[in-house]
1. Specify, per residue and in Å³, the volume enclosed by the convex hull of the alpha carbon atoms belonging to the chain.
2. About the Cα centre of the chain, how large is the charge dipole given +1 on each Lys and Arg Cβ and -1 on each Asp and Glu Cβ? Please answer in debye to the nearest 20.
3. Using label points projected 7 Å from each Cα along Cα→Cβ, tell me how many nm separate R153 and Q281, to one decimal.
4. By per-residue mean of other Cβ atoms within 10 Å, what is the highest-first order of 138-148, 297-307, 185-195?
5. Mind checking which lysines have their Cα closer than 21 Å to the Cα of K138? Skip sequence neighbours fewer than 8 apart in that chain.
6. In a GNM of the chain with a 10 Å cut-off on Cα contacts, which of G252, G15, G105 has the highest mean-square fluctuation?
7. Which residue, R116, R160, R85, has the most motion in a Gaussian network model of the chain that connects Cα atoms within less than 10 Å?
8. Please report the relative contact order for the chain, taking Cα pairs under 8 Å with a sequence separation of at least 6, and give it as a percent rounded to a whole number.
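Read the figures in this text as sums done on the coordinates, not as results from a lab. Please read all numbers here as calculations on a predicted model, not as lab measurements. Every residue, glycine as well, gets a Cβ built from its backbone with ideal geometry; the counts of neighbours run over all protein chains shown.
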Amino acid sequence: METRRIGSLEVSVVGLGCNNFGGRLDRQGARSVVAAALDAGVNFFDTADMYGETRSEELLGDALGGRRDQTIVATKFGWWIDDQRHGAKPEYVRRAVEDSLRRLGTDRIDLYQLHRPDPETPIEQTLAVLDELVRAGKVREIGCSQFSAAQLREAQAAVRGGAARFVSVQNQYSLLHREPEREVLPECERQGLAFLPFFPLASGILTGKYRRGAPAPTGTRLSGSSGLADLFLNDRNLVAADALAAFAERRGHSLLELAFSWLLRHRVVSSVIAGAMSPEQVRANVAAAGWRLSADDLAEVDRLAPPAPPAAPAG
């Protein structure tokens, strides 16, 4: 599989998101999905301390077992777990990393990411403690998630000398959510940051399993009432997904192949991290990354799923 870089890390262009571990996937399910990913050439695994009520990291560490050294493990901190465990204050970051190392069963985290900005903690304080963790060998590289371009610039300006700096940002990006193209992707190019899209399949809309006028299939993430269903399951997305699927089929490809390959057309996108509930889904995701879209293809995609309008000028 093709690889790209996140700082000093070399990662497969298709990664495995582990947000289902400890929730919709039990220990045996996590083991089978991880094994399929490793066998298919995936080396990049992304989780967070709060996924699966903190069980995701444990199940990922268990599933990797003796193959841990073949992989790049990314996790996140800072989201609310409970009243004592949240945010990015230095004293909490020191606790959070030890908790994650223990749950993962490892002696280092390859990519440690601030899960979301903490308005109560100056970014220079968080960066200072992350640099401390890098120097101690507990973390190899650091990244962030859900940062705006302005917040990325603020973080860059806060780094002094040879201290650790963010090497990646993980934000929502897909054919149906193109907002990062306004400012964040250009900022990534300017700073040399890797971009990691979350919800790359728009929570399953871009797999083709959801259709207009039909209920969501039983057992899927968007079945029943949920915040995700409210966010993704709407006529705009379903109309666009149908049109994109027809476009892909006319060119001998699937909607899934279009969703992955379109994201990877941008060199700052280092890996497309998608969850999977089965080995078959893992293999389908890996196979979906090989379409090289032409300029005409990209123009047609822009017509069917238009880019976000330019940001309004300040002032």
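1. On the way: hull volume 44.8 nm³, N = 315.
Cα-based convex hull of the chain, divided per residue, equals 142 Å³.
2. Values: 38 positive and 40 negative charges, 73 e Å.
Dipole magnitude for the chain comes out near 360 debye.
3. The answer from the label model is 3.9 nm.
4. On the way: 138-148: 21.1, 297-307: 14.3, 185-195: 18.6.
Listed from highest to lowest mean packing, they are 138-148, 185-195, 297-307.
5. K138 reaches K76, K89.
6. Of the options given, G252 has the highest mean-square fluctuation.
7. R160
8. Answer for the chain is 19 percent.
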